[in-house]
Amino acid sequence: MKKVIVIGCPGAGKSTFARKLRDRTGLPLYYLDMIWHKPDKTNITRQEFDAKLSEIVRKEEWIIDGNYGRTLEMRLRECDTVFLLDIPVSVCLAGAESRIGTQREDMPWKEETMDEEFRDWIVNFPRDEMPHVYELLNKYGDKNIVVFQSREEVNQYII
């Protein structure tokens, strides 16, 4: 396990899992949200994002945390291990709500509220995003793929 991606619904616990995995393995951790978002809540361009991500995936070792479906296949081609947190929506909503007001190392600002658009993205993630994720995982079935369906499974793996 040298090149790892951690994907799943917002609020599923991806970043927490990725940090624990980093601490256990010593692999460098890259948060896609920290690359895409600027501290002033604007974004870099897609071209800048793709260039920075390309630079990361060319490295010898890494953990990349985040979805960004547009670039998922690029990351799948380069990784050897995938951790998918396919956690129930109710747990993801609670996870996203619990971090409001908390400064995090995976986001360049402190979220003060959960806007309706973000809430809807979480609620619709299983319908709108997961079919594409599973389609790509089937395409790249030669990778080491671990799917967690509960926080308990995540916690048991990382202990």
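Readers should treat all values here as calculations from the given coordinates under stated rules, not as data from a laboratory. Keep in mind the model is a prediction, meaning the values are calculated, not measured. With ideal geometry, Cβ positions are generated from the backbone for all residues, glycine too; neighbour counts draw on all protein chains shown.
What to note about this one:
- Overall Cα dimensions of segment 17-85 - principal axes, largest extent first, Å: 33, 25, 23
- For segment 84-135, size of Cβ-based charge dipole, Lys and Arg +1, Asp and Glu -1, in debye: 200
- Panel note: the C-alpha atoms of segment 54-159, placed on their principal axes, show extents of 39, 32, 28 Å (largest first).
- Centre-to-centre, using Cα atoms only, segment 34-78 and segment 99-159 are separated by 16 Å.
- Environment charge at THR102 (Cβ cut-off 15 Å; Lys +1, Arg +1, Asp -1, Glu -1): -2
- Length available on full extension from GLU60 to VAL89: 0.36 nm per residue minus the Cα-Cα distance, which gives 7.0 nm.
- Beta bridges per DSSP with both ends in the chain, % antiparallel, nearest 5: 5
- Formal net charge of residues neighbouring THR81 (Cβ-Cβ distance under 9 Å; K, R +1; D, E -1): +2
- Cα-projected label distance for GLU152 with GLU117, points at 7 Å along beta-carbon direction, nm: 3.8
- Near TYR140: Cβ cut-off under 14 Å, other residues only, Lys/Arg at +1 and Asp/Glu at -1. The net charge is 0.
- Within segment 132-159: backbone nitrogen closer than 12 Å to the THR81 label point (7 Å, Cα to C-beta): 144-146, 157-159
- About the Cα centre, charge dipole magnitude for segment 1-111 (Lys/Arg +1, Asp/Glu -1 at Cβ), debye: 100
- DSSP loop GluC sites (Glu not before Pro) with at most 13 other Cβ within 10 Å: longest gap in the chain: 1-59
- Overall dimensions of segment 90-151 as given by Cα atoms, namely Rg and Dmax in Å: 14.6, 41
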